[in-house]
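In what follows, a structure is listed as structure tokens, so that the remarks can point back to it.
The values are calculated or read from the model by the stated rules, or taken from the named source; none is laboratory data. Every value quoted in this text rests on a predicted model; they were computed, and no experiment measured them. Cβ placement follows ideal geometry from the backbone for every residue including glycine, while neighbour counts extend to all protein chains displayed.
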Amino acid sequence: MTLAYYPGCSMHGTSREYEESLLAVAAALELGLTEIADWSCCGASSAHAADHLLGVALPARNLALAEAQGADEVLAPCAACYNRLSGAVHAVAEEPGMAAKVPEVLGRAFANSVRVLSIVELLQGLAPVIEERVAARLEPNPLEHLNIAAYWGCLLVRPAAITGFDDAERPTGMDDVISACSANPVSWNMAVECCGGAFSVSRTSSVLRLSRAIIEDARHCGADAILAACPLCHANLDFRQSAMSLRGEPPMPVLYITQLVGLALGLPMAALGFERHFVDTQPLFARLAREAEKAAAAAAERDAAKAARAAAKAGAS
Amino acid sequence: MGAEMALPPHDIMRLTIANDRERLFNDDSLWLCLTCETCSARCPNDVDPARVIDALRELAAGEGAEHAPRNIRAFHESFLEQIRSTGRLSEVGLIMQYKLRSGALLQDVAVAPAMLRRGKLPLRPQRIAGVGEVKALMAACERERGARAAPAAGGAAAPGAGATGGHHNGEDAR
Amino acid sequence: MSRIGVFICHCGENIARTVDCGAVAEALREHPGVVVAEDYKYMCSDPGQQLIKKAIADNDLTGVVVCACSPHMHEKTFRRAAAQAGLNPFVVEMANIREHCSWIHDDRGEATAKAIDTARTIVEKVKHNKPLQTIRIPVTKRALVIGGGIAGIQAALDIADGGHEVVLVEKEASIGGHMSQLSETFPTLDCSQCILTPRMVEAYQHPRIKLYTWSEVEKVDGYIGNFSVTIRRKARSVDEDLCNGCGDCQAACPSRRIDSEFDAGLSRRPAIYTPFPQAVPNMPVLDREHCTLFKGRRKGLAKDACGKCKETCLKGAIDYDGQDTFVTEEIGAIVVATGFQLYDIGREQPAGLKGYGEYGYGEVPDVIDGLQFERLASASGPTGGEMLRPSDGAEPKTVVFVKCVGSRDPEKGMSYCSKICCMYTAKHTMLYKHKVHDGRAVVFYMDIRAAGKGYDEFSRRAIEEDGAEYIRGRVSRIFRDGDKVKVWGYDTLSHRQVVVDADMVVLATAVRPQPGIGELAQKLSVSYDQDGFLNEAHPKLRPVETNTAGVYLAGACQAPRDIPESVAMAGATAAKVLGLFSADELERDPSVALVDERTCIGCFNCEHVCPYGAIEHRDVCDMEGHVCGHVAYVNPGVCQGCGTCVAVCPSKSVELAGFTDDQVYAEINALAGW
């Protein structure tokens, strides 16, 4: 299966580990990703804040490129890019005059025939395959002891008219992926609350306030880690966590959804980019590994005791 | 962001309905909106305040750049400038331009080494082959914006001016 | 020879401003067959009608055309006037030169020409009108009331006290409806059951009320004055004649984990149960869906898995083998009083509605709705009237009340206001503060709608005397935070975000019609609106009737409504029913279809298309009395004159009186100017 792939500007920069883990997982699942040739920035929040047409045309260029390159589906793992690209599809289809104006402004033909896929939709669709692979692994699975809170942020679920693939208030798609990896999705309250997004640089205080609330709730609800599917959310929760003055609480690791899937599939840690995080993930994984070993040992003891009892019974009769 | 806005979305809507440009455009609140789309998702009457706020920002920018708070304006301008020059965003370029525009020279300086160590700050910008196309489409959008504003703003400085690269402390808060 | 009189009404300025009525009269005077044509300012007024009557007498008219408003407005008026003058009312027709002419055109010349054409067309029709006799049908003087809540009970009592028999059908095991679940009622804070139960008992004991509980309407045949209603009496598993209401069976039942519907899910009941201690009739039903014995039988078990209730019953009243039975009642008028249900904020919703994900989809413990709060406050409720919250039985010290949950929310699918919530929320704050003196009651509202008598004073009392904190603003999120329920709201009047750590949250959820209302409406041929509420015949002037003759509406099935209004409406329907029953015969419009049996070929296309089931089969016999064929016959009592049969008859054997082919072709020819 080949899919057109729109990385977006962060993938080679601040969310490099997202792309690393994505490509590793794609390879492991025999999923061909073809990067759109000569793609350009989707405009993120700066374009649509300045000018509605620009906010549609910039992403539309990439859709037009994908079309020209023969794709009918594009994967956009960055939530902002996903939202902008889907928004462009929607605007060109629904807003009067857009279908004519956009090709004109682009200087390119554009038939609006490409469907935009988010990382969650993709992985949710692959969940049965992931589950199978997880079940097939023989070693004890440390992920079984991981309680993780699925953090969606804003742009994957809103506006519902554009994204629409899951419930906008209490979506479950990421939980399905977490369960497929045999980890435990935590029930918590801030899954779709904004982390402060684009104010990461220009108004960091707001980001600290908003993201702190997210991390505190995740902790309150028993999460060991937070799962993210957006480079900016990850940056706000991970990169900026040290500035949040979390009252001496232990740091909360933030994983990318593709990193979790990678772990579940048994890919080596080095391939998944954990060393690039600001909040160290190693203590968490070490603890999980210990718990997995303990559980395995306990299970082995129980099996041995059972066997012994059965043997005793057989011997007695 | 409602907690930080003097005019949260419902007040923005009320002032819009009342046509109070004065209060709307002289307040930071429009610019504090993150387009998190929560207001639009919750509105019982499906009014789409997020979209209204976007439109108000466009209108405000058309009237003069001084409305937007310096940092936020600096960020958006730097972002779009990056795209215009290379077609993609170089985060390093963005940060550098932002610091110059906003005067926040020391911001995040402490973490830069950490970012570099983690390979998260590619120093070379990626320039795409189609950068001319991107420039052209951004210019086309500006012309459209100008055409829309022109009938209303007879005497205001032509928004088309200063459309090409460089720093502009002029009208558009792009 | 036709002698037609044409009367043109000015309707004040409504017609005369655009149509030259004098010119119309003059033109019509020249028309063949017209012997008199006059115009007047207000034809429907007394002098106007006198004018027509005089013209009828003076000119020995054979037909009358009144050019004025729509026949929907005044056809009856002019037909009555003509009848008083001795002319058969069915040779009187109206030409609509108002809604169809003066109200929609501006050009005086063109409008006048059109009015003249219209008038001429109707004159040509009337030349073919035949005098018709009003159809008289007998009236069965028994009423059916569907629904045994306060509206149904009141309607039944009023009709029965008026001297006629009433059949009262209730789908639950007891009558009483939602009012029996309430703790105290606004604005008097009367104990709800104390004022309701005397009515319930009166209905039960009334010699003219026949009560069927645990029953539903299965089928409705017939028409006004002559309905035949089949009622399904669901298998109670308890013999009503033998049971003495002792309650031993309920105590013996081993299934005790079934959610109690009466307690709105806050407590459990056994499989054999009476819904509440004051139930009328005070005898239990066996819930076969949850009963262990019946579950076993459905699985095909050879031996019955339980039988405790039967073993315990000293009267031998338990019968596991009973089936639903059907009883048919002859009825003259039907009152629908099925009441309401509350909107549920859960994920699963019927088509067109959305749940409240932002409030937790109903999965957050201690977030309850209004009926559940009533049960907590009620002395006969799951907590004995103590204010204890569902999750851990602790006394909540901070309770947040959220109004307009679902109501006034087009995005969720319900644009309307549910009317009663502002009042019952004020009441709830008072009930809460009366029980928890140091408690904090916070209400988030958009408006306070307290329009009834004593209502505004009541809501002010909640704020001024009982200390309820009213905050104007909506709640954006409700979620669990430890052992508190976090409520994120806003105060628009003081411009600040408000966060409350509540112990319990009460949502004032929207009032909706009962589930299954669509099916019932279909059975009754009654229409309903996009929210499911049944439609009244006219929102201003006919609020308790429907467009189906003989079917009336009382209470919340028509729109959200409080108790005094429901009682008033029930009285109004009783008045209509008693009016209907006051004559022995009912007069019906004779514009019904008539089959010519000589040409009917017995294909029964008409029967297939008749929406009212008015077609019957008639045998055609030869001289020896042997049946040699079948023809169609239209029951004039059922036929509503829609004309569909006329359209599909291949042998042109059926015609609609008052709209025969001759009449219609005459109109068409006149219009075409042939």
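Annotations for the structure displayed:
- For first residues located in region A:4-28 and closer than 17 Å to B:F79 by Cα, partners that are of a type in the set (F, W, Y) and crowded, with 24+ Cβ neighbours inside 10 Å and lie 6+ apart or on another chain with Cβ distances below 7 Å form the pairs A:M11/A:Y18.
- Filter pass, A:A191 being of a type in the set (G, A, S) and more than 22 Å from A:S46 (Cα to Cα): yes
- Taking (1) in contact with a Lys or Arg (Cβ under 8 Å, 6 or more places away or on another chain); (2) part of a loop (DSSP other than H, G, I, E, B); (3) in contact (Cβ under 8 Å) with a residue 60 or more places away in the chain in turn, C:G12 satisfies each apart from (3).
- Under the condition of being surrounded by fewer than 17 Cβ atoms within 10 Å (Cβ to Cβ), away from chain A (no Cβ under 14 Å) and touching a strand residue (DSSP E or B) at 6+ places or on another chain (Cβ under 7 Å), the residues counted in region C:470-513 number 4.
- Selection from region A:193-209 of residues that are surrounded by fewer than 24 Cβ atoms within 10 Å (Cβ to Cβ) and within 14 Å of chain C (Cβ to nearest Cβ): A:E193, A:R209
- Test for A:E131: is it of a type in the set (D, E), at negative phi and touching a residue at least 40 places away in the same chain (Cβ under 8 Å): yes
- Entirely in region B:1-89, the helices (runs of 4 or more DSSP H) that have 3 or more residues that are in contact with a Ser or Thr (Cβ under 8 Å, 6 or more places away or on another chain): B:9-17, B:49-63, B:70-86
- Inclusion of B:A74 among residues that are of a type outside the set (V, I, T), free of Cβ contacts under 8 Å to residues at least 60 places away in the same chain, crowded, with 21+ Cβ neighbours inside 10 Å and not assigned by TED's automatic domain parsing to the domain that holds B:G119 is not warranted.
- For the residues C:D248, C:D259, C:D221, the requirement of being in contact (Cβ under 8 Å) with a residue 12 or more places away in the chain and over 23 Å from C:D319 (Cα atoms) singles out C:D221.
- Residue selected from region A:210-248 under the condition within 12 Å of chain B (Cβ to nearest Cβ), of a type in the set (A, V, I, L, M, F, W, C) and without any contact (Cβ under 8 Å) to a residue 40 or more places away in the chain, by the criterion farthest from B:L94 (Cα to Cα): A:A213
- Residue list for region C:294-321, restricted to those being part of a loop (DSSP other than H, G, I, E, B), free of Cβ contacts under 8 Å to residues at least 12 places away in the same chain and over 14 Å from C:S237 (Cβ atoms): C:G300, C:L301, C:A302, C:K303
- Residue check, C:Q133 under 30 Å from C:T325 (Cα atoms), not in a strand (DSSP E or B) and not β-branched (V, I, T): no
- Selection of region C:408-456 for residues being within 24 Å of the chain's Cα centre (by Cα), polar (S, T, N, Q) and surrounded by 24 or more Cβ atoms within 10 Å (Cβ to Cβ) yields only C:S418.
- Considering the conditions (1) closer than 30 Å to C:A68 by Cα; (2) of a type in the set (V, I, T); (3) touching a helix residue (DSSP H, G or I) at 6+ places or on another chain (Cβ under 9 Å), C:I135 is excluded by exactly one of them, (3).
- Flag for A:A135 being of a type in the set (A, V, I, L, M, F, W, C) and either more than 14 Å from chain C (Cβ to nearest Cβ) or in a loop (DSSP other than H, G, I, E, B) (or both): yes
- Positions within region C:588-629 being β-branched (V, I, T), more than 29 Å from the chain's Cα centre (by Cα) and assigned to a loop (DSSP other than H, G, I, E, B), in sequence order: C:T599, C:I601
- As for region C:78-96, it holds at least one residue that is without any contact (Cβ under 8 Å) to a residue 24 or more places away in the chain, in contact with a strand residue (DSSP E or B) (Cβ under 7 Å, 6 or more places away or on another chain), buried (at least 17 other Cβ atoms within 10 Å of the Cβ) and of a type outside the set (A, V, I, L, M, F, W, C).
- Identification of helices (runs of 4 or more DSSP H) wholly contained in region A:219-317 with 2 or more residues that are of a type in the set (K, R) yields A:282-316.
- Residue match in region C:554-566 (condition: over 18 Å from C:L534 (Cβ atoms) and crowded, with 21+ Cβ neighbours inside 10 Å): yes
- Residue that is nearest to the chain's Cα centre (by Cα), among those in region A:19-46 that are within 14 Å of chain B (Cβ to nearest Cβ) and charged (D, E, K, R): A:E19
- Pair list, Cβ < 6 Å and 6+ apart or interchain, from region C:350-364 residues that are under 22 Å from C:G532 (Cβ atoms) to residues that are crowded, with 17+ Cβ neighbours inside 10 Å and among the β-branched types (V, I, T): C:G355/C:I345; C:Y356/C:I345; C:G362/C:I345
- Elements of the type strands (runs of 3 or more DSSP E) sitting completely within region C:481-555 and holding at least 3 residues that are free of Cβ contacts under 8 Å to residues at least 24 places away in the same chain and not basic (K, R): these cover C:484-491.
- Test set (1) crowded, with 18+ Cβ neighbours inside 10 Å; (2) within 14 Å of C:M283 (Cα to Cα) - C:V201 fails condition number: (1)
- Selection from region B:95-124 of residues that are surrounded by fewer than 17 Cβ atoms within 10 Å (Cβ to Cβ), more than 10 Å from chain A (Cβ to nearest Cβ) and part of a helix (DSSP H, G or I): B:M96, B:L100, B:A112, B:P113, B:L116
- Subset of region C:389-431 [part of a loop (DSSP other than H, G, I, E, B) and farther than 30 Å from C:P564 by Cβ]: C:R389, C:P390, C:S391, C:D392, C:G393, C:A394, C:E395, C:P396, C:K397, C:E411
- Any hit, region C:225-233, residues being among the small types (G, A, S), assigned to a loop (DSSP other than H, G, I, E, B) and either under 22 Å from the mean Cα position of the chain (by Cα) or within 30 Å of C:R460 (Cα to Cα) (or both): yes
- The sole residue among A:G87, A:G70 that is at pLDDT 90 or above, away from every other protein chain (no Cβ under 14 Å) and not in a strand (DSSP E or B) is A:G70.
- Meets criteria (closer than 16 Å to A:A264 by Cβ and either within 9 Å of another protein chain (Cβ to nearest Cβ) or not hydroxyl-bearing (S, T, Y) (or both)) for A:V116: no
- All conditions but one from (1) at pLDDT 90 or above; (2) part of a helix (DSSP H, G or I) apply to C:L671; the one that does not is (1).
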